[in-house]
Amino acid sequence: MSLSRKRGLDGLTDRQREIFRWIRAYVDREGFAPSMREIGAGVGIGSTNGVNDVFRALEREGFIVRKSHLDGKATGRARALIITPKGRAA
C-alpha cells in the first residue's frame, strides 16, 4: 500500500486529507468555497474529474456536503459546498 493510499483514523487518505485542509483554509481565508479548477490548481490536480473524485470521497466520509445535494436537486453551482461540523472539527 502506497503512502498516499494509507488511511488514517479519520477515514481519509493522506492525499484526501491534504486536499480537504486546503479547501478548509481557502474557505476560512476567502469566506466562500473554491471552484473545482481552483482546487485543482491549488493542490496540483490537472483534471476537474480528479477533484470530483476527491469531493465524492469527502462527502462519503461526511466532511463536506454539496449544496446542490441538500435538497436532492442539482443546481450546477460551481462553489456549492459546505464544510460539515465533522469537517470543521477535523
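What follows is calculated from the coordinates using simple rules that are stated; it is not laboratory data. What you are looking at is a predicted structure, and each value in this text was computed from that prediction instead of being measured. Here Cβ is always computed from backbone atoms with ideal geometry, including for glycine, and neighbour counts include all displayed protein chains.
Considering only the other residues whose Cβ falls under 12 Å of the Cβ of Asn52, what net charge follows from Lys and Arg at +1 and Asp and Glu at -1? Its environment carries a net charge of +1. Ranked by the mean number of other Cβ atoms within 10 Å of their residues, highest first, the peptides 14-20, 26-32, 56-62 fall in the order 14-20, 56-62, 26-32.
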